[in-house]
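Enquirer: Please see the structure below; I have some questions.
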Amino acid sequence: MTSSLYCCGCRADVSARLVDGREVYPHRSDLADLPFWKCDACGNFVGCHHKSAERTRPLGCIPTPDLKRARREIHRLLDSIWTEGWMSRREVYSAISDDIGHEYHTGDLRSLDEARKVWLIVNDLAQQCSSAEDTRSRSRSQRT
Ligand SMILES: [Zn+2]
């Protein structure tokens, strides 16, 4: 089975092939049965929303290893904002979407430049949230 997906390594739409974890992560038996879309031209691949009803729906375009790392970093920082309860998950995504001018999905990032831009936005949000938190806790401790 193949599907047309944007490959960030080839910088083009490619005909990606549906493979399983055995092919892309041969040493990870825990991932053996999971679906992935692989670009045979450059060897990069993307995972799927495998826990959803459409288990072979790709998470986004096919990233290079560097881009995958950048996306993971953004996700970690972004998730920390809503898991700390500073903003809701929806608020975080809509703040980023407002800033970049279209709906934001980490899986849609196509280049390290785009990733860097979003990282700065998310980092700003995180800093605003944590400094607001500091102010709150300082004023709390002054009162007591
Ligand atoms: Zn490719």
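The values are calculated or read from the model by the stated rules, or taken from the named source; none is laboratory data. Nothing here was measured: the structure is a model prediction, and the numbers come from that model. All Cβ positions, glycine included, derive from the backbone under ideal geometry; neighbour counts span all protein chains shown.
Enquirer: For the condition out of contact with any Cys (no Cβ under 8 Å at 6 or more places or on another chain) and part of a helix (DSSP H, G or I), what is the one hit in ALA115, ALA53?
Expert: Only one candidate passes the filter, namely ALA115.
Enquirer: All but one of (1) within 14 Å of the chain's Cα centre (by Cα); (2) in a helix (DSSP H, G or I) hold for ASP124; state the number of the condition that does not hold.
Expert: For ASP124, the failing item is (1).
Enquirer: Could you please tell me which pairs satisfy a Cβ distance under 7 Å, a separation of 6+ or placement on different chains, a first residue in the range 29-43 that is more than 12 Å from THR64 (Cα to Cα), and a second residue that is away from the ligand (no atom under 16 Å from the Cβ) and part of a loop (DSSP other than H, G, I, E, B)?
Expert: Listed by first residue and then by second, the contacts come to LEU31/TYR25; LEU34/HIS50; PRO35/HIS50; PRO35/ARG55; PRO35/THR56.
Enquirer: Testing ALA70 on (1) surrounded by 15 or more Cβ atoms within 10 Å (Cβ to Cβ); (2) under 24 Å from LEU31 (Cβ atoms); (3) within 16 Å of the ligand (Cβ to nearest atom), one condition comes back false. Which one is that?
Expert: (3) is the only condition that ALA70 fails.
Enquirer: Condition first: over 14 Å from SER15 (Cβ atoms) and touching a Phe, Trp or Tyr at 6+ places or on another chain (Cβ under 7 Å). Now tell me which residues in the range 49-60 satisfy that.
Expert: Passing the criteria: none in range.
Enquirer: Continuing with this model, one more query. Return the only residue of ARG89, ARG22, ARG71, ARG17 being more than 16 Å from LYS117 (Cβ to Cβ), charged (D, E, K, R) and touching a helix residue (DSSP H, G or I) at 6+ places or on another chain (Cβ under 6 Å).
Expert: One residue alone meets the criteria, ARG89.
Enquirer: Give just the number: which of (1) outside any loop (DSSP other than H, G, I, E, B); (2) closer than 29 Å to SER3 by Cα does TRP82 not satisfy?
Expert: Evaluating TRP82 over (1) outside any loop (DSSP other than H, G, I, E, B); (2) closer than 29 Å to SER3 by Cα leaves (2) as the failure.
Enquirer: So which of CYS48, CYS42 ends up being surrounded by fewer than 17 Cβ atoms within 10 Å (Cβ to Cβ) and of a type in the set (A, V, I, L, M, F, W, C)?
Expert: Step by step, each of CYS48, CYS42 is checked, and only CYS42 is surrounded by fewer than 17 Cβ atoms within 10 Å (Cβ to Cβ) and of a type in the set (A, V, I, L, M, F, W, C).
Enquirer: Here's something else I'd like to know. Being among the aliphatic types (A, V, I, L, M) and either within 9 Å of the ligand (Cβ to nearest atom) or not in a strand (DSSP E or B) (or both) is the filter here; which residues of the range 6-22 pass it?
Expert: Within the range 6-22, ALA12, VAL14, ALA16 qualify.
Enquirer: For residues that are surrounded by 12 or more Cβ atoms within 10 Å (Cβ to Cβ) and part of a loop (DSSP other than H, G, I, E, B), tally how many sit in the range 23-39.
Expert: Going through the range 23-39 one residue at a time, the tally reaches 4.
Enquirer: Go through (1) under 21 Å from ASP13 (Cα atoms); (2) modelled with pLDDT of 95 or more one by one and return the number of the condition HIS105 breaks.
Expert: Checking HIS105 against (1) under 21 Å from ASP13 (Cα atoms); (2) modelled with pLDDT of 95 or more, the one that fails is (2).
Enquirer: Of the residues ALA41, ALA32, which single one is modelled with pLDDT of 95 or more, more than 16 Å from the ligand (Cβ to nearest atom) and not hydroxyl-bearing (Ser, Thr, Tyr)?
Expert: After ruling out the rest, the residue left standing is ALA32.
Enquirer: Now for a separate question. If you scan the range 44-58, which residues turn out to be hydrophobic (A, V, I, L, M, F, W, C), within 27 Å of VAL118 (Cα to Cα) and either in contact (Cβ under 8 Å) with a residue 60 or more places away in the chain or away from the ligand (no atom under 16 Å from the Cβ) (or both)?
Expert: VAL46, CYS48
Enquirer: Can you tell me how many residues in the range 112-144 are closer than 19 Å to TRP86 by Cβ and touching a helix residue (DSSP H, G or I) at 6+ places or on another chain (Cβ under 7 Å)?
Expert: So the count comes out to 8.
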